[in-house]
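The values are calculated or read from the model by the stated rules, or taken from the named source; none is laboratory data. These figures come from a predicted structure and were not determined experimentally. Cβ coordinates were reconstructed from backbone atoms using ideal geometry, including for glycine residues, and neighbour counts include every protein chain displayed.
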Amino acid sequence: MMAEGVKKMTKRYVGKNIFKVDAREKVTGNAIYTEDIYFDNMLYLKIKRATHPHAYLRRIDISKAQKLPGVVKIITAADIPKVKNFGLIIKDQPVLIGIGQKMRYMGDALAIVIAESKEAASQAIGLIEVEVEKLEAISDPLRAIEKDAPLIHQDGNILDTYYLKKGDIKKGFAQADLIVENEYRTSFLDQVPLQVEAGVGIFDQETEIIKLWVATQWLHDTQADIAQSLGLPKEKIRIIQPVIGGAFGKKEDISVHIYLALAAMETKRPVKLTYTREESMIAQSKRHPFIIRMKTGVTRKGYLTACQVEVIVDTGAYASSGPAVVHKGLYHCTGPYNVGNVKGVAHIVYTNNTYCGAMRGFGATQMAFAYESQMDIITHRLRIDPVQFRLQNAYSIGSSTPNSQILTLGVGVKETIKLAADIAGWKE
């Protein structure tokens, strides 16, 4: 009987097959990715990164690396005093860490090595000598918010706090026959697109335009961020978009862009930088880990009356798109379910972990783990059918979200639940 049921279910699906417009180019090898782009007389870059996740840089000696055959130039912070911090929302991330400045995670860049070959650039990285003054490395956001925790950024370890209020939370819990309170935690996740961060840069000496071939998700925002960091007009930055070998949010952030621009301007030659998978893991954004403390009130008949939530989010060493991710996550604290009384607070916290940014779902994904777990626990305790419970609480046209937005169209959650239950053979 079990085998028959499984066999029957495998023939049913939601949606239909569609032809991908870019499929032929990709399977035939005609799609041009950044790694496929080469120019004559091209130089290769490697980045010397932090040696400790939280430390002051006291000395950097590039003399041995500069003498290595094949090394053309090594750029440190001392060479670019006018270059400004960058960042998607908050400009809190330095291009290079200088003497007396603080490295905040293992991905921080200390120097850009430019060489005639990848091998020479890689070898030179190992010859750069660094001395640091180590500080306590904070990997736990709960430690970061303690009063005696060392400051990662001078304005404090709490980047921002958001609040949410709808209805009367005390009244909502007073109406409840059952109150369920739990803490949920999600983890860091790397998007792991098949294509790592990579790019090619050229400085056109006649027009003084920097041309960058880099896969990016927010092309115009990236152009603006590079321009402000380098102190150039936007029209002096041209980004040419190759085929993207996967992104899932990870390529919203600046990665190789500014390093390529600086190297191209310095050498007046084509330059190329490709991260290893290890570099991509260490240096580029992750999905935010959430600590979610959720308290939910419900009547015996299975109607939700209240939801109170506290969220502590680790954004890592820099903000990236963290403020927007956390804000959106808080607004999704009840999921697609009607709750008349809501109270929420979310703290976005700096740590010395790799910084976090966008990844599929943009904060709503982490919150779904909490509220759907609450739904399952509630139905188990009340001995209510979990599908019926969700249907009687689900949004419809005219529902009000936790931030009091009235839904006027595109509300298909009930139909989705019914179809999913039917396909799964829930009644059987």
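Pick out the one residue from LYS48, LYS67, LYS7 that is loosely packed, with under 12 Cβ neighbours inside 10 Å, of a type outside the set (A, V, I, L, M, F, W, C) and at pLDDT 95 or above.
LYS67
Counting only residues that are β-branched (Val, Ile, Thr) and outside any helix (DSSP H, G or I), how many does the range 392-426 have?
Of the residues in that region, 5 qualify.
Restricting attention to the range 194-206, does a residue exist that is within 30 Å of ALA137 (Cα to Cα), of a type in the set (D, E, K, R) and surrounded by fewer than 21 Cβ atoms within 10 Å (Cβ to Cβ)?
There is no residue in the range 194-206 that is within 30 Å of ALA137 (Cα to Cα), of a type in the set (D, E, K, R) and surrounded by fewer than 21 Cβ atoms within 10 Å (Cβ to Cβ).
When residues of the range 319-351 are filtered for being more than 20 Å from GLU252 (Cα to Cα), touching an Asp or Glu at 6+ places or on another chain (Cβ under 7 Å) and assigned to a loop (DSSP other than H, G, I, E, B), how many remain?
Residues that pass the stated criteria total 2.
Which condition breaks for ILE125 when tested against (1) of a type in the set (Val, Ile, Thr); (2) within 18 Å of ILE282 (Cα to Cα); (3) under 26 Å from the mean Cα position of the chain (by Cα)?
(3)
Restricting to the range 393-410, name every residue that is surrounded by fewer than 16 Cβ atoms within 10 Å (Cβ to Cβ) and either closer than 11 Å to ASN338 by Cβ or without any contact (Cβ under 8 Å) to a residue 24 or more places away in the chain (or both).
Hits for the range 393-410 are SER396, ILE397, GLY398, GLN405, ILE406, LEU407, THR408, LEU409, GLY410.
I'm told GLY87 meets every condition in (1) over 21 Å from ASP314 (Cβ atoms); (2) buried (at least 17 other Cβ atoms within 10 Å of the Cβ) except one. Can you identify the failing condition by its number?
(1)
Specify which of the listed residues (PHE362, PHE389) is among the aromatic types (Phe, Trp, Tyr) and assigned to a helix (DSSP H, G or I).
PHE389
Quick one: which strands (runs of 3 or more DSSP E) sit completely within the range 43-108 and have at least 2 residues that are within 21 Å of LEU260 (Cβ to Cβ) and assigned by TED's automatic domain parsing to the domain that holds LEU151?
The strands (runs of 3 or more DSSP E) meeting that bar number zero.
Being within 26 Å of the chain's Cα centre (by Cα), among the β-branched types (Val, Ile, Thr) and either in the same structural domain as ILE258 (by TED's automatic domain parsing) or not in a helix (DSSP H, G or I) (or both) is true for just one of THR216, THR207. Which residue is that?
THR216
So which strands (runs of 3 or more DSSP E) are wholly in the range 236-307 and hold at least 2 residues that are basic (Lys, Arg), in the same structural domain as PRO402 (by TED's automatic domain parsing) and over 12 Å from THR216 (Cβ atoms)?
Hits in the range 236-307: 290-298.
So, of the residues in the range 144-175 that are among the aliphatic types (A, V, I, L, M) and part of a helix (DSSP H, G or I), which turns out to be farthest from the chain's Cα centre (by Cα)?
Checking each candidate, the answer is ALA174.
From the list GLY98, GLY107, pick out the single residue that is surrounded by fewer than 18 Cβ atoms within 10 Å (Cβ to Cβ) and of a type outside the set (D, E, K, R).
GLY98
Of the conditions (1) within 21 Å of the chain's Cα centre (by Cα); (2) of a type in the set (Ser, Thr, Tyr); (3) assigned to a strand (DSSP E or B), SER139 satisfies every one except a single condition; which number is it?
(3)
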